[in-house]
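Beneath this line is the structure, given in structure tokens, with notes to follow.
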Amino acid sequence: MEERKFSEASELLYKGRKVRGMDFNKPENFPLFTTSAFTMNSLTEVKEAYRSKFTYIRTSNPNRDALGEMVTFLEGGEKSLIFSSGMGAISTTIFALLKPGDHIVCNRNIYGETFDVMNILLKKFGVESDLVNFDDNENIKKAIKPNTKMIYSEVCANPTMNLVDIPAVAEMAHKIGAYLMIDNTFTTPISIKPIKLGADIVINSLTKFMNGHSDAIAGSITSTAAIIDAIHPIRMLTGTPGDPHAAYAMMKSFGTMDLRVKRQMSNAAKLAKALEQNKYVSKVNHPSLDSFPQHELALKLFRSNEEMSGMMSFIVPEDEKKIDEFMLKLHFAHYAMTLGGLRTTLVHPVTSSHSHMPDPDRRAMGITPGLFRMSVGIEDVDDLIYDFNQALEVFGS
Ligand SMILES: Cc1ncc(COP(=O)(O)O)c(C=O)c1O
């Protein structure tokens with residue numbers, strides 16, 4: 001791999017690191033700064049603090065900054081900012097970079113609340129949006145207008161895993177001087193680095209795979225120094241910088257991210273293959289599968305079948321009673337409205353994220369009452385395969 005090793009990033013963090021004007025004597029663990037302000041003793045010190053040190057917790061904080069450096073290292077941009085959540089990162093960035101009269105072309109298959117930002121929130125502030133299917137680049141081309149300032153997508157769509165051709169869409173965006181903003185939450189920089197493929201801005205909900213321990217919420221934005229410096233003052237005004245405790249918790253989790261996420265991605269690829277062979281599963285959506293309609297694009301975007309995503313979805317018979325029995329028979333996977341944790345979790349989009357959508361519209365997107373979205377954990381994959389196969393037997397009884 002041409003990239004520096006992840007262990008070097010840990011070294012950067014844990015050993016003898018210098019945090020803007022504060023010297024540490026090599027703390028083995030990066031300390032938690034639970035102070036809302038830093039004190040100064042003279043106007044000279046005040047001026048110096050404003051220039052290069054810390055002043056107030058909403059402006060900057062050592063834990064957030066250090067976590068941001070880790071994210072920059074991983075994503076390969078110039079600078080990152082940490083936010084209170086993934087949604088805080090998305091909305092603050094768009095507020096900072098767009099103005100009334102601007103237009104966004106957004107993938108229609110995105111996280112529900114991002115969809116609402118594009119479709120409801122931005123409209124209140126005079127920013128237009130068109131949500132189209134990014135499976136076909138022609139749809140994007142057709143949706144572009146003279147006032148398009150941003151193209152927005154996730155690497156993998158929720159919950160069907162449809163991919164976006166990042167290099168091709170980046171070219172379209174740059175031709176018209178627009179930003180390409182990519183959500184890397186389902187994939188993480190362990191799998192793919194959208195900035196290297198041409199994206200201008202990358203957002204991660206750190207709450208998910210990157211933290212992995214389901215115990216904290218935060219988001220990040222990575223981009224050029226100029227773009228990040230434009231977002232920073234708006235983050236101050238929207239009050240979305242996030243709490244240092246979350247940054248501290250995540251910094252610990254980041255030390256095992258490479259191990260965790262690689263295991264999750266490879267477990268997902270193996271489980272997807274096994275589920276595809278089960279007679280009660282009519283469809284499995286994972287980019288590693290030969291049957292995945294964009295498998296060729298997946299091989300172009302990712303390093304290998306086992307390093308794509310820990311997310312997948314599958315379809316069982318549309319029988320609610322049997323579905324309940326199936327869920328009750330599973331020993332490992334349980335239902336949870338999150339993803340990316342150490343344990344395998346399931347979501348049923350028809351009763352949750354896509355419950356508001358008319359059935360024909362959902363079906364057109366491949367979302368049927370038999371569809372489960374799954375976030376694969378770090379369990380022994382043979383245990384998971386055995387467990388799913390025994391639970392799926394309920395559909396034969
Ligand atoms: C793809 C994606 N992006 C963004 C978010 C928002 O992240 P957060 O819950 O940290 O605000 C989520 C949340 O599930 C998500 O799945």
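Read-outs: derived from the displayed coordinates by stated rules, not from any lab. Fair warning: this is a prediction, and the values are worked out from it, not measured in the lab. Cβ atoms come from the backbone with ideal geometry, glycine included; neighbour counts cover every protein chain shown.
Details
- The chain, helix-only ellipticity at 222 nm - DSSP H runs n ≥ 4, -39,500 (n - 2.57), divided by all residues, nearest 500: -11000 deg cm²/dmol
- A cut-off of 5 Å between modelled amide H atoms, ignoring neighbours fewer than 5 places along the same chain, links Phe292 with no other residue.
- From most to least packed by mean Cβ count within 10 Å, the peptides 318-326, 375-383 give 375-383, 318-326.
- Charge-dipole axis of the chain as Lys and Arg at +1 and Asp and Glu at -1 on Cβ define it, positive-most pick from Met337, Val347, Gly255: Gly255
- Scanning residues 5 or more positions from Tyr111 or on other chains, those with amide H under 5 Å from its amide H are Asn158, with H placed 1.01 Å from N in the peptide plane.
- Local electrostatic count at Lys141 - Lys and Arg +1, Asp and Glu -1, tallied over other residues with Cβ under 14 Å: -3
- Charge tally around Asp215: other residues with Cβ under 15 Å, Lys/Arg +1 each, Asp/Glu -1 each, net +3.
- Taking θ as phi - 60° and the Karplus parameters 6.51, -1.76 and 1.60, the scalar couplings of the range 348-355 work out to 10, x, 5, 9, 10, 4, 10, 5 Hz in sequence order, x denoting glycine and proline.
- For the range 6-254, the residue among Leu197, Gly86, Gly212 whose Cα projects farthest onto the positive side of the dipole built from Cβ charges is Gly86.
- Taking the centroid of alpha carbons for each part, the range 196-245 and the range 251-282 are 25 Å apart.
- Angle in degrees between helix 43-52 and the longest Cα principal axis of the chain, rounded to the nearest 10: 30
- For the range 325-333, the Karplus equation 6.51 cos²θ - 1.76 cosθ + 1.60, evaluated at θ = phi - 60°, returns couplings of 4, 4, 5, 5, 7, 6, 8, 9, 6 Hz by residue, with Gly and Pro reported as x.
- Taking Cα atoms only, the orientation of helix 225-238 departs from the longest principal axis of the chain by about 90 degrees.
- Among Met365, Met251, Met374, sorting on how many other beta-carbon atoms sit within 10 Å of each Cβ, with the fewest leading, yields Met365, Met251, Met374.
- Helix 62-75 axis versus longest C-alpha principal axis of the chain: approximately 50°, rounded to the nearest ten.
- Dipole orientation for the chain: of the candidates Pro31, Ser313, Ala391, Pro31 has the Cα lying most toward the positive pole (charges on Cβ; Lys, Arg +1; Asp, Glu -1).
- Listed peptides 177-186, 271-280, 116-125 by packing density, highest first (mean Cβ within 10 Å): 177-186, 271-280, 116-125
- Count Lys and Arg as plus one, Asp and Glu as minus one, and take only other residues whose Cβ is under 15 Å from that of Pro287; the net charge is then -2.
- 3J(HN,Hα) along the range 250-266: 6, 4, 5, 5, 4, x, 10, 4, 4, 5, 4, 5, 4, 5, 4, 5, 6 Hz, from the Karplus curve 6.51 cos²θ - 1.76 cosθ + 1.60 with θ = phi - 60°, whole Hz, x for Gly and Pro.
- For the range 65-126, a simple Cβ point-charge model (Lys and Arg +1, Asp and Glu -1, everything else neutral) yields a dipole of about 360 debye relative to the Cα centre.
- The chain - share of DSSP beta bridges that are antiparallel (%, nearest 5): 55
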